[in-house]
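Working notes, beginning with the structure itself.
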Amino acid sequence: MSDSPRVITVDRPKKHYTLIRNANGDFLGIDSEPGIFKEADDRVIWEASDKGFIHVLSGTELMATDATDANTLLEYQGHLLGADAKTCDDGALFGIGHGPADLPSSSLQTLRERGWVCLPSVLSPDIVEALEKVSCTGAYDHEKYDSQKLPLLEDVAVARSATEPVSLWIIRQYMQTDEVRLAHPPGFSILPKDDGKCDVQGWHSDFPYLWGIGGKHKFAENRIPEHSVDGLVLGVQRNVCVSDFTRNNGATIFKLGSHDRGEAPPREWGNGAAYFEQGYRAKHGLPYGGSDADLIEAPSGSIIVYDARIWHRAGVNYTEKKRAAVLQAVIPMYIMPFFDTSKAYKEFISGPLLDELDEHERAELDSVMVNRMGPVAVTTDPELTRGAIAPGEY
């Protein structure tokens, strides 16, 4: 048996589709006629042409005129389009932005069939660079990351990664509900060069299942029990690759297809419960990483979406450069979150970064960061909370 996992390499796309947004940040698309949409599904996917943009589903072409930077007036059948996508005399400027490499419906089908999908380089290069700066990776690798700072408050790019529209649409469809939430504030996972001694992550499933972590650990108590698989998905993980993810720098290792098993990874693989034990690595070495496992390589700016039941663990970074990802556990609204996100959200909306988001992004951030039961926001009570542990300590 090989002592290395099977490597699946997702290449950097040679081209991307285009998303066209009005001033509010909503999407221009076509459903028989041009219209404005809240969701980034196939109806809002465009391809650049010599004269403007071609709607991928219908083949309808819009003429771009008086373009300035990333904004342009658009003409449909000889008439300018207003912000509501209706024809008018003066028209409105639309923002031309970075889109996915594949149709959203195709990515959704892949997720449903395999339990995971990669949206390669779906984040624009400027967002990726900003995330590198916050995480002190890439061109900023020489700087020291301050883990005490809340990433959401450091740069608007963190909020934009949390509101990336294509992955949100896919996740909502996969979990069969529009009401999805982040289970914790977006946080960085940063792997420095491995020294051969440091603690490593054991095999586990993600929140809310946490299979493989074991009942002895406080975060695994009273979680989702192992169960036969049905059509109900209680959690999806969304990993943003800030760095290129490679076999040498600690790309995540998976047991793809394991979400169908309805059970925890075996302890003999070196599961999370085992690797919580102090000195376990020194005695037993690294967790399993042979040919029954899968390593996904993906370019920076990619978002890997996978069913939270899939067994996985962080890889090992053998390079001199730090590797970073933004981790975002996503749950349906009827699942209790991992951590209360309201405090982080309230700090964000009271700060200067809020003004950098458009109305659509603000609404989406509110939707995924505030846990509501009907119209009521549900938060924690500090006086009743006992033994609180900061995010990242599990």
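Each reported figure results from applying straightforward, stated rules to the coordinates on display, with no laboratory input. As the structure is a prediction and not an experimental result, all values here were calculated from the model. Glycine gets a Cβ as well: all are built from the backbone with ideal geometry, and neighbour counts include every protein chain shown.
Helix-only estimate, please: 222 nm mean residue ellipticity of the chain, summing -39500 (n - 2.57) across DSSP H runs of length 4 or more and dividing by its residues, to the nearest 500. Let's see the in-between values first.
Details: 8 runs with 68 residues, N = 394.
It lands at -5000 deg cm²/dmol.
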Angle between the chain longest axis and helix 359-369 axis [Cα atoms, degrees, rounded to 10]: 20
Region 76-180: radius of gyration and largest Cα-Cα distance (Dmax), Å: 18.4, 55
Along each principal axis, Cα extent of region 18-98, largest first, Å: 27, 26, 24
Global form of region 253-394, assessed from the alpha-carbon gyration tensor, a/c cut-off 1.5: prolate
Value of relative contact order over the chain, rounded to a whole percent, pairs C-alpha under 8 Å and six or more apart: 22
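Could you tell me which GluC sites (Glu not before Pro) in region 265-352 are loop residues by DSSP with no more than 14 other beta carbons within 10 angstrom of their beta carbon? Could the numbers behind the result be given before it?
Details: sites: Glu268, Glu277, Glu297, Glu320, Glu347; in loops: Glu277, Glu320.
Of the GluC sites (Glu not before Pro), the ones in loops of region 265-352 whose Cβ has at most 14 other Cβ atoms within 10 Å are Glu277, Glu320.
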Debye equation applied to the C-alpha atoms of region 104-377, log10 I(q)/I(0) at 0.07, 0.09, 0.11, 0.17 Å⁻¹: -0.23, -0.39, -0.60, -1.54
Among Val56, His79, Ala293 - extreme Cα towards positive end, dipole of the chain, charges at beta-carbon: Ala293
The chain: angle of helix 125-135 to the longest principal axis, Cα-based, in degrees nearest 10: 30
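For region 86-145, what is the per residue volume of the convex hull drawn over the alpha-carbon atoms, in cubic angstrom?
On the way: hull volume 8.6 nm³, N = 60.
Output value, Cα hull per residue: 144 Å³.
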Relative contact order [Cα under 8 Å, 6+ residues apart], region 120-271, whole percent: 23
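To the nearest 20 Debye, how big is the dipole of region 19-77 about its Cα centre, given +1 on the beta carbon of each Lys and Arg and -1 on that of each Asp and Glu?
Its charge dipole is roughly 80 debye.
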Reachable lysines from Lys255, criterion Cα separation under 22 angstrom, eight or more residues apart if same chain: none
Pairs beyond 23 Å (Cα-Cα), from Lys38/Lys133; Lys14/Lys144; Lys144/Lys346; Lys14/Lys321; Lys144/Lys283; Lys149/Lys343: Lys38/Lys133; Lys14/Lys144; Lys144/Lys346; Lys14/Lys321; Lys144/Lys283
